[in-house]
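Right, one structure below, let's go through it.
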Amino acid sequence: MSVSAEPLDTPRMREFLSKVTGPYNQDFVRLSPSSCVMPARYMDIAQRVIDFEVRPDDVWIVTYPKCGTTWSQEMIWLVMNNFDYDTAYKIPLHERTPFIEFSSILKPMADLGPHSIEACAKLKSPRFIKSHLPLQLLPKQLWTVKPKIIYVVRNVKDTIVSYYHHYNLWSDVSMSLDEFAQFFTEDLPMYNPFWTHVLDFWNIRNEPNVLFYSYEDMKADLASVIRRVGEFLGKPVPEEQMPKILDHLSVEKMRSNPHANLQEVAEYVRKQSGLPSATAAGKHFIRSGKVGGALNELSAAMRQKIDSWTVECLRGSDYSGPR
Ligand code: A3P
């Protein structure tokens, strides 16, 4: 299988990018298979990702951005590493569970140490690897070697709001949230389309090596998601560990823990791109961490538009998760 790319140089894409200053303003392409929007630079590694050597004891954490990736990475790493909080406080999460395509999406990352794909290849087993790529662009050995894959979904409106703030953290944007949401429904932000990303994993959710849960499941009952993850990974979680991990994974603790969130990496990227400090401007990687926050931020008309668009995107599927 090979990956091909069409330049995404349409008037609407140009309009979208004209409102973005920083590393998220670069040349984008639409990839085949998957129709995924990626920076043109991603083509440098697209085939290497497809051909990446998978190990049976890997754990792959796959999400569309903003669906609870970081929260899940920290949880999964701790469950699998005997709740080693000392190491978790010493080594940044992005080193413990590297993001395979990261160096080839944002330019400043290319200058920072080994390429993320090499960092993944060199990790000691068991490896914990994060990716936002859609199913069709992931290593083909995932489907033959069958390591554990954990997929996390989130309702689309909160995802859009969170992604808007994310764009405005890693770059600066000069568009309203409703405008961003409109571009989202036109599949122009990076990693879109959203619903096929979700549906491809929804359709394999019952495979024995796949665990599918939602951000909303985590918010409703984190302890039961931690138990499910422990059972799925063959590391049942002793109940006496629960109070400490629940506290460690609280949004307040994660926000104040520089080794469990990407604020410092975002600051590095902004500095390299000549942008002012995000923290000083009150922009944070871990924000409110709520379900339904989008209701207060998107206009009623845009919420309705997203609902109708979602119905269209989900037509013919049996998806019954959050939307
Ligand atoms: P919001 O922007 O809605 O607050 P990802 O890690 O996939 O990029 O997801 C980021 C989202 O998860 C952000 O959502 C962030 O605040 C939220 N998040 C991160 N850690 C969290 C935690 N411990 N509890 C609840 N939400 C958390």
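Since every read-out is calculated from the coordinates, none of them should be taken as a lab result. Please read all numbers here as calculations on a predicted model, not as lab measurements. With ideal geometry, Cβ positions are generated from the backbone for all residues, glycine too; neighbour counts draw on all protein chains shown.
Data for the structure
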| item | result |
| --- | --- |
| Long-range amide H partners of Ile61 with built H, under 5 Å | Ile129, Lys130, Ser131, Ile150 |
| Volume per residue that the Cα convex hull of segment 79-143 spans, once the total is divided by residue count, Å³ | 111 |
| Backbone N under 17 Å from the Ala220 label point (7 Å along Cα→Cβ), restricted to segment 66-85 | 68 |
| With eigenvalues of the C-alpha gyration tensor scaled by 5 and rooted, segment 1-157, Å | 28, 18, 15 |
| Between segment 140-198 and segment 94-127, the Cα center-to-center distance that results, in Å | 20 |
| Centre separation in Å (Cα based) which lies between segment 260-306 and segment 9-25 | 18 |
| Shape of segment 139-294, Cα gyration tensor, a/c cut at 1.5 | oblate |
| Convex hull of segment 153-216 built on C-alpha atoms - directionally averaged projected area, nm² | 4.9 |
| Added length on full extension, which subtracts the Cα-Cα distance from 0.36 nm per residue, Lys244 to Glu95 | 51.4 nm |
| Cα principal axis extents for segment 39-126, largest first, Å | 39, 28, 26 |
| Per-pair calculated FRET efficiency, R0 = 22 Å: Thr144 and Arg48 via Cβ, rounded to 0.05 | 0.80 |
| Radius 13 Å from Cβ of Arg30, net charge of other residues (Lys, Arg +1; Asp, Glu -1) | -4 |
| Nearest-20 debye value, the chain charge dipole, Cβ charges on Lys, Arg, Asp, Glu | 160 |
| Segment Ala281-Ile204, length gained on full extension (0.36 nm per residue, minus Cα span) | 23.6 nm |
| Cut-off 15 Å between beta-carbons: net charge of the residues surrounding Leu262, Lys and Arg +1, Asp and Glu -1 | +3 |
| Computed log₁₀ I(q)/I(0) - Debye formula, equal Cα scatterers, no solvent, segment 18-59, q 0.14, 0.23, 0.30 Å⁻¹ | -0.47, -0.85, -1.05 |
| Gain in span if fully extended, Lys290 to Thr87, counting 0.36 nm per residue against the direct Cα distance | 70.3 nm |
| Three-way shape label, segment 4-314, alpha-carbon gyration tensor, a/c 1.5 | rounded |
| Net charge over other residues, Cβ less than 11 angstrom from the Cβ of Asp172 (K, R count +1; D, E count -1) | +3 |
| Antiparallel DSSP beta bridges within the chain, percent to nearest 5 | 40 |
| FRET E, pair Ala301, Lys235, Förster distance 41 Å, beta-carbon r, rounded to 0.05 | 0.30 |
| Positive-pole candidate from Ala5, Phe232, Thr21, dipole of the chain, charges at beta carbon | Phe232 |
| Listed residues Cys313, Cys120, Cys36, most fluctuating in the chain (Gaussian network, C-alpha, under 10 Å) | Cys313 |
| Cut-off 15 Å, label 7 Å out along Cα→Cβ of Arg227, residues of segment 244-263 by amide N | 246 |
